[in-house]
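> Before I ask anything, here is the structure I am working with.
The values are calculated or read from the model by the stated rules, or taken from the named source; none is laboratory data. What you see is a predicted model; the values in this text were computed from it and never measured. Cβ placement follows ideal geometry from the backbone for every residue including glycine, while neighbour counts extend to all protein chains displayed. For accessibility, only protein heavy atoms count, side chains too; no ligands or nucleic acids. Shrake-Rupley method; radii C 1.70, N 1.55, O 1.52, S 1.80 Å.
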Amino acid sequence: MNPDEIKVVQPGGLLDGAKASQVRREIGECLDTGAKVILLDLKDVTFIDSSGLGALVSALKTVRAAEAKMFVCSISDQVKILFELTSMNRVFKIFSDRQEFEESMLSS
């Protein structure tokens, strides 16, 4: 896969409705510039609220509609628990970190 087709979006802090809307816009811009794979790196995200989760699902639908893929990496324990409670861990392919994601992309 062409590295230009992979874009990383890396929000920080609390991923609430306002921040998530910004992330969704950023993902849309990545798709507009030809991204085929979006990596949402959540290593700097401390917490995601329900509106943040909703926006991530909405972003995933947008990505799929554009025939692209979206992955998540580097989630904190707190975010991991939230993903498991809401079954988001089944919706998103989650990598432990960016390195694991890159190795997976290189091998595909």
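> Between ARG98 and GLU67, with labels modelled 7 Å along Cα→Cβ, what's the label distance in nm to one decimal, could you check?
Calculated label separation equals 2.9 nm.
> Tell me, what is the Rg over Rh of segment 36-89, with Rh the Kirkwood radius over Cα pairs? Write down the numbers at each step before the final one.
Values: Rg = 11.2 Å, Rh = 11.6 Å.
Over the Cα atoms of segment 36-89, Rg/Rh equals 0.96.
> Let me ask something else about it. Around SER87, with a cut-off of 14 angstrom between Cβ atoms, what is the net charge of the other residues, counting Lys and Arg +1 and Asp and Glu -1? Numbers along the way, then the final one.
Numbers: positive: LYS80, ARG90, LYS93; negative: GLU84.
In short, +2.
> Taking amide H positions as placed in the peptide plane 1.01 Å from N, state which residues far from MET70 in sequence (5 or more) or on other chains have amide H under 5 Å from it.
ILE38
> Normalised by the number of residues in segment 6-66, what is the relative contact order in percent for Cα pairs under 8 Å and 6+ residues apart?
Relative contact order, segment 6-66: 50 percent.
> While we're here: Once you compute Rg and the Kirkwood Rh from C-alpha atoms, what is the Rg to Rh ratio for segment 8-108?
Numbers: Rg = 12.5 Å, Rh = 13.5 Å.
Rounded to two decimals, Rg over Rh is 0.93.
> What do you reckon, how do SER96, SER108, SER74 stack up by accessible area (1.4 Å probe), largest on top? All intermediate terms of the calculation are to be shown ahead of the outcome.
On the way: SER96 80, SER108 110, SER74 20 Å².
Correct descending sequence by accessible area is SER108, SER96, SER74.
> Find how much the distance from ASP32 to SER58 grows on full extension, using 0.36 nm per residue of separation minus their present alpha carbon separation; answer in nm with one decimal.
On the way: separation 26, 0.36 × 26 = 9.36 nm, distance 1.64 nm.
In short, 7.7 nm is gained.
> Would you grab the residues whose amide H sits under 5 Å from the one on ILE48? Only those 5+ places off in sequence or on another chain, please, with H modelled 1.01 Å from N.
Result for ILE48 returns LEU15.
> Same structure, new question: Which whole-number percentage describes the relative contact order of the chain, with Cα contacts under 8 Å and a sequence gap of 6 or more?
28 percent
> What 222 nm value per residue comes from the helices of the chain, counting each DSSP H run with n ≥ 4 as -39,500 (n - 2.57) and dividing by all residues, nearest 500 deg cm²/dmol? Don't skip to the end; give the middle numbers.
Values: 5 runs with 55 residues, N = 108.
Helices in the chain give a 222 nm mean residue ellipticity of -15500 deg cm²/dmol.
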